[in-house]
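Please treat every number below as a calculation from the coordinates, not as lab data. Bear in mind that the values here come from a model prediction, so they are computed numbers and not experimental data. Reconstructed Cβ throughout: ideal geometry from the backbone, glycine too, with neighbour counts over all protein chains shown.
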Amino acid sequence: MNIVLIIPAGLKHSANALGAAMGWGPESYSVPLSSDGAEPPTHYGLNLAEASDVFLAMLAAAGNGEMPQELIDAGYPPQDFAAVMAGLIVRAGVPFDTALADAGLARGTA
Amino acid sequence: MPFGFGFGPGRAAQRRGASTPASIFGANLRVWFDNQDLSTMWQDVAMTTPAAVGQPVAMQRCKVNPATFYRSQATTAQRPILRQTAGGVYYLECDGVDDGLETPTIDFSNTDALSVFAGLRKLTAVGTTSPFMELSANVDSNRGFAIFAPSSGTQYMFKAIGGVTASTTSAGFAAPHTAVLTGLDKIGTDTCVLRVNGAQVGTAATDQGAGNFGNYPLYYFRRGGVGITFNGWDFGSFIVDRLASDTEMAAAETYLNRFVGAY
């Protein structure tokens, strides 16, 4: 099952840092989004084509305010974690563009 | 539609023949990503976990100079997924959102001629231009080439640039569509040819200027690793640093089609 994550542009840096601290790599949120696809982006998105059960469980726990141990060990700021979780839009099992439409967003064509 | 019964995408793997890109082109074969060889792929960039069907592919070694050439993706969400058809054919599934692989720089400055072969299935028209593979971050401004699937609408496009861009397109291939694509380009003779499923479908005689191709990364499935994306399947591809002869082209296209089952 895929999972779509969308973050407000102002939280992109913190969200990417969170992903990096979780071992997902440096630039997880790489798709610029806005209401009509035009610049400047108001949000950034990612599509994880195969989300593991471990990942989904972690995300569910994070949604309940439980900061994953990997982030604590990596020294990720708790206040950033709270901000990212508060701003994160999560859709599981739907196409990326469906998730965007539901959120009133579109991607550009550049 | 069931897969793997002679025709249709993902023909049965046991139909492979003896000819391979290496045996057809010898030392002129410069890049070959063989998705039917799972020993070339891993789930992590460190190459500790071998590839498995249903799992992301983070690293793939090129079968030419594998110690030097590879394509990889450091970010988990941007890795294509290894899939297998009912006929046993492996392919990389690209989500058309953020998936992409990238090589280190590969130096094509020794040649003004290239032959590019790719087996793919395009699923939808995402955006106006969907790069399956592109030499350099943007073929419009560098001495590279690109295959777009689609370029717009129902088209396929092959584009190359010496001093001036030459491109050729062919429409009428509505997604989903499975194809063996061949692009041929020679800057010095203003040759630019696109073939789809063993037939020539487009040419351009644009004056391409002079000089050779450049020394750039190859970007697969996403422009420059950050931009527009390809939505579909990659069965495998290879690049030759000269124009292929008619006999070589037929052999190369037949080799790919044994997996792809496009025609």
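Report, as an integer, the average count of C-beta atoms from other chains found within 10 Å of each Cβ along B:70-78.
Working: counts 0, 0, 0, 1, 5, 11, 11, 18, 10.
Rounded to a whole number, the mean comes out at 6.
Remark: the B:T203-B:S39 segment gains 55.3 nm on full extension, using 0.36 nm per residue and subtracting the alpha carbon distance. Counting Cβ atoms of other protein chains within 10 Å of each Cβ in A:43-52 and taking the mean gives 5.
Starting from the Cα coordinates of the stretch B:106-163, work out the convex hull volume and express it per residue in Å³. Present the calculation step by step, with values, prior to reporting the outcome.
On the way: hull volume 5.3 nm³, N = 58.
For the stretch B:106-163, the hull spanned by Cα atoms encloses 92 Å³ per residue.
Ranked highest first by the average count of other Cβ atoms within 10 Å around their residues, in what order do B:168-174, B:227-233 fall?
Details: B:168-174: 17.0, B:227-233: 24.9.
Final packing ranking: B:227-233, B:168-174.
Spin-label pair B:R242-A:M1: with each label point 7 Å from Cα along the Cα-Cβ axis, the two points sit 5.5 nm from one another. The equivalent ellipsoid of the protein assembly as shown has semi-axes of 36, 22, 19 Å, largest first, where each one is the square root of 5 times an eigenvalue of the Cα gyration tensor.
Rank these for me by crowding, A:D73, B:D34, going from fewest to most other beta carbons within 10 Å.
In order of increasing Cβ crowding within 10 Å: A:D73, B:D34.
Shape of the stretch B:127-239 from its Cα gyration tensor (a ≥ b ≥ c, root eigenvalues): rounded if a/c is under 1.5, otherwise prolate when a/b > b/c, or oblate? Oblate, since a/c reaches 1.5 and b/c is not below a/b. Overall form of chain A: prolate. Here a/c, set by the Cα gyration tensor axes a ≥ b ≥ c, is 1.5 or more, and a/b is the larger of a/b and b/c. Each residue of the stretch A:61-68 was assigned a 3J(HN,Hα) from its phi angle through the Karplus expression (A = 6.51, B = -1.76, C = 1.60, θ = phi - 60°), giving 5, 5, x, 8, x, 8, 7, x Hz with x at Gly and Pro.
Rounded to 0.05, the FRET efficiency of the B:T49 and A:A103 pair, given R0 = 35 Å and the Cβ-Cβ distance, is 0.55.
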